[in-house]
Structure formats: structure tokens, C-alpha cells
1. Any chance you could count how many residues in the range 1-52 are basic (Lys, Arg), farther than 13 Å from Val74 by Cβ and at pLDDT below 90?
2. Residue pairs, Cβ under 6 Å, 6 or more apart or interchain, first in the range 222-241 and over 19 Å from Arg289 (Cβ atoms), second charged (D, E, K, R) and modelled with pLDDT of 95 or more. List them.
3. Can you pull out the residues in the range 203-220 that are among the basic types (Lys, Arg) and more than 22 Å from Ala286 (Cα to Cα)?
4. Using the structure shown, decide if Tyr248 is within 23 Å of the chain's Cα centre (by Cα), at pLDDT 85 or above and not β-branched (Val, Ile, Thr).
5. Only one of these is loosely packed, with under 15 Cβ neighbours inside 10 Å, in a helix (DSSP H, G or I) and out of contact with any Lys or Arg (no Cβ under 7 Å at 6 or more places or on another chain): Arg42, Arg28. Name it.
6. Residues being part of a helix (DSSP H, G or I) and either more than 20 Å from Leu206 (Cβ to Cβ) or touching a Gly at 6+ places or on another chain (Cβ under 9 Å) (or both): count how many of those fall in the range 101-146.
7. Please determine whether any residue of the range 53-63 is closer than 22 Å to Phe82 by Cβ, assigned by TED's automatic domain parsing to the domain that holds Asn86 and assigned to a loop (DSSP other than H, G, I, E, B).
Amino acid sequence: MEEIRKYISVNSSSEFEIIAPHIQNVERDNLVPLIGHDLYQRLITFCNEEVHDLTDESLQKTNQLLAFVQSAVVHIAYWIGFDVINALITDSGFKRTESNTVKSLFKYQEHNLKHYLRTSGFNGLDTVLQFLELNLVDFKEFEDAPAFSLMKTSFIPTTYVFNDIYFINNSRLTFLRMKQHLQLLEETEILPILGPDTYAYLKAELSKSAPDSKVYRILSYIRKALVLLASAMLMEESGADLTDNGLYFTAVSAVHVNDTEHKPSSPEQISFLADRNRNLGNSYLALLRSYLYAYPRDWPYAPRLVGNVFQRNNTDKKTFWA
């Protein structure tokens, strides 16, 4: 339990056997798919055996990675095991333990604690990814992990890239909810504009350690369009702060002016913000088309529409070629 106490202040009487099954589940379901089996086994070996063939710098980085991993795993383990740990399981069913000196948490405290554990744990996994990406030389095993391949070829590879364009408080949970929308938009909006050959070329370049400089010039339009359109889709389906639980805003209590409360945004607010982001996203799609048209030598295989001038129909709110 001493290792767990580095990351969560658990009681000295707590037993490791209570949390151990949940740690195993997190490692199996979340950690191994993220960092790959080979790197996972390396960390297990590092924990259980004395390693003598590491340089001081390599040893320091491995210890640092292990600390990031342990923190993420422990927080998620307590989150997924929260209800089980708080229950007494007997042959006659499930019961809640009580005593005269120790009382159960209030519901709002349970909610806040579970939110803290969940958010800290999943954001910790993003920290692991960022650390590995910055230290690939020391952790070559990560290059064989499926998550690494997806990161390298994705237009929006990490939470931090998304957050740089649209604020989501660096929440990995929000980013994970957005992944399906990002993939859908790539296939329905970006691919038709780029064409299959240009799309494949960009993906291939992104997988390289040093992509062609022209890739970064066009990537800005693609990323901003994807992020804004995906955020609009999530706003409409879940709910003004965009969180993994939906679209929420913070308001001052009408009864106690010093209190704040979180509640879903109104339909009008959701519609306004979603429409705003969608319009901005579509504007970047138009800029992407203009960029491809302006540099035909760089992008010879991008689809070309007949005409050479963008026209705006303000009556019907449409942009077209003329």
C-alpha cells in the first residue's frame, strides 16, 4: 500500500487485496492497449527485479514513466471499484457498512470524489502518452503499440492538440468521446475534399519522424475544421463548458449568492454554441478547398471543381464555385 499512498492518501489499515482486482482490470483494459504488451512487460520486470544495466538517465526516465503509470492506474482503479469497495459482500447479499464513529459520504461528496478519481486517472493516461512520445529513444517498445500507430497517423492525435484549438480543460474523457465524431468527419468531410490519393499521402507523411513541411501548412486547416465540427456534434448529442458529461455552465445560486452550481445548458445555449462552432468549422473547410486550389503543384491529386472563384450567396448562406 505504500506505493498507492504516493498518489492517494488511503488509510493505514487499508489492505492491498481489496484494490488489487481493480488494478488488474485497469491494467488489462486501459493500460496494455495504450502502451503495448512489450512495454507493459518491461515495466513489470522493472518493478519486480533489480535492473543493473540502465544508465542513470535511462533509470530516471523509467522511474518517471512508472510514476505516471502508477498514478493513472491507481486513480482509475479506485474509480471503477468505488461501489464494490464501499459495499460488504456476503452470502445473503450486498450490504453497506456503518459505525458510530465513521459515517458514509454525502451524495455530493461521493459524486465529487468519483469525478476526481475518474478525471485524474484518464488525464494521467494522456500524461503517459505525452511522456512516451517525447522519449521514444528510451522506450522503443512503444513504437510497436497500436496506440502509437494511431497517434502518428491521426490528424488529431492527442487531447493536447485538440485543446490547443478548442478548450476542453485537457480532458482525455472529453477527447475520447470526440474520437468517433472525428473519424466520421474525416471520412465524410475531409476525405472528399482531399481526395483518396492526397488523404493517403498525408497519412503516410504523418507516420514519418519528419513529415514534409507542406503537410504542416495544410494540417492547420484540417485540424481546426475537425475540432470545431466534432465539438458541435458532441454539444448537440450531450447537452458553456464542454465536458465528458455534456455541455454545462456554472451559475450563481439564486438562494445563496456565494454558491455556484453546475447544470445542463439551456437548449437555446446549446443550439447557439453548436451552430457557431459548425459555421466556423465549415469556414475552415472552405479555406482548405481554397488552399488546395491555390497550390496545385503541391497537391496535384486533390479534386478540382469547375471554375476558379469562390462566390458567396448571402441569401441562402452558401459558398460555391463560379
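1. Adding up the residues that qualify gives 0.
2. Matching pairs, first to second residue: Ala232/Arg278.
3. Within the range 203-220, just Lys208 meets the criteria.
4. No: the conditions fail for Tyr248.
5. Result of the check over Arg42, Arg28: Arg28.
6. Selection size over the range 101-146: 27.
7. Within the range 53-63, none of the residues are closer than 22 Å to Phe82 by Cβ, assigned by TED's automatic domain parsing to the domain that holds Asn86 and assigned to a loop (DSSP other than H, G, I, E, B).
Conditions (1) assigned to a helix (DSSP H, G or I); (2) modelled with pLDDT of 90 or more, marked per residue:
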{"residue": "Gln269", "(1), (2)": "yes, no"}
{"residue": "Gly281", "(1), (2)": "yes, yes"}
{"residue": "Pro300", "(1), (2)": "no, yes"}
{"residue": "Arg312", "(1), (2)": "no, no"}
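The values are calculated or read from the model by the stated rules, or taken from the named source; none is laboratory data. None of these values were measured; they are calculated from a predicted model. FYI the Cβ positions are ideal-geometry reconstructions off the backbone, even for glycines, and counts take in every protein chain you see.
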